[in-house]
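One structure is given below, encoded as structure tokens.
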Amino acid sequence: MPEKDRYSYAEDLSRGGQLLTVSRVTNMEYETVLDILDDEGTVNLDEREASWRSEGWGGYEASTYATGHPTTTDHSAASADETIPVVEERLRVGKRDTSHGRVRVRAYTVETPVSEMVELRDEHVELVRTPVNRPAKVDEDYRERSFEAEEHREEAVVSKEARVVEEIGLRKTSDTRQETVSDTVRHTEVEVDDERTAVERHDLDRSRKCCC
């Protein structure tokens, strides 16, 4: 591997990257290995180098390996008005109405067989012959006469009466509950590396106090 590429890979590893090497790969397996690595999220090292250079990284050309001189980082190009935004997220909890089901009431008629025992009375007419032995009365016993008796029987008569025994309706009720909502919020932490000596910091602080 060229020294320049080795230097770039070493820089990526120092920044938390990971390097995966695959050995003993045949020509037929080469494309398959590339497809697997692409599916698993390989990175474009050229794009990363461009991002590092925008942050001030000099690359292999500015390293001691290429020039033979120690590299120094030039911070003089930074503008005095350059600022770092400090971002802080705040959790906002709202409410929304969601449906949790529906209650439907439907009325329909159902016929159910019922039975009830009732006692009925039947009347019967019987011819009763009673032997007698008495003298006949000519005027009374020879008079034409007739009489009759009617039989009666009770029959079951069914009648129905509809009565309202219950009323069913729907009524909404509501109650309140407390629920703890948990999430994470992000904020910016700023670290200041002050490499000045104590005397320089003291003089700078005193000059700032005088100017104020």
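The values are calculated or read from the model by the stated rules, or taken from the named source; none is laboratory data. Everything numeric in this text was worked out from a predicted model, so none of it was measured. Don't worry about glycine lacking a Cβ; one is built from the backbone with ideal geometry, like all the others, and counts go over all protein chains shown.
Select from the stretch 108-128 the residues that are of a type outside the set (D, E, K, R) and either surrounded by 10 or more Cβ atoms within 10 Å (Cβ to Cβ) or touching a residue at least 12 places away in the same chain (Cβ under 8 Å) (or both) and list them in ascending order.
V118, L120, H124, V125
Yes or no: the stretch 26-35 includes at least one residue that is modelled with pLDDT of 85 or more, among the polar types (S, T, N, Q) and over 30 Å from E191 (Cβ atoms).
Among the residues of the stretch 26-35, at least one is modelled with pLDDT of 85 or more, among the polar types (S, T, N, Q) and over 30 Å from E191 (Cβ atoms), which makes the answer yes.
Need the failing condition index for L20 against (1) modelled with pLDDT of 80 or more; (2) loosely packed, with under 10 Cβ neighbours inside 10 Å; (3) out of contact with any helix residue (DSSP H, G or I) (no Cβ under 9 Å at 6 or more places or on another chain); (4) not basic (K, R), just the number.
It fails just one condition, (3).
Restricting to the stretch 129-187, name every residue that is without any contact (Cβ under 8 Å) to a residue 24 or more places away in the chain and either surrounded by 10 or more Cβ atoms within 10 Å (Cβ to Cβ) or not in a loop (DSSP other than H, G, I, E, B) (or both).
If the condition is that a residue be without any contact (Cβ under 8 Å) to a residue 24 or more places away in the chain and either surrounded by 10 or more Cβ atoms within 10 Å (Cβ to Cβ) or not in a loop (DSSP other than H, G, I, E, B) (or both), then V138, D139, E140, D141 are the ones that fit.
Is the stretch 85-101 home to any residue that is charged (D, E, K, R), at pLDDT 85 or above and assigned to a strand (DSSP E or B)?
Taking every residue of the stretch 85-101 in turn, at least one turns out to be charged (D, E, K, R), at pLDDT 85 or above and assigned to a strand (DSSP E or B).
I'm trying to understand the selection: among the residues of the stretch 3-33, which are among the small types (G, A, S), in a loop (DSSP other than H, G, I, E, B) and at negative phi?
G17, S23
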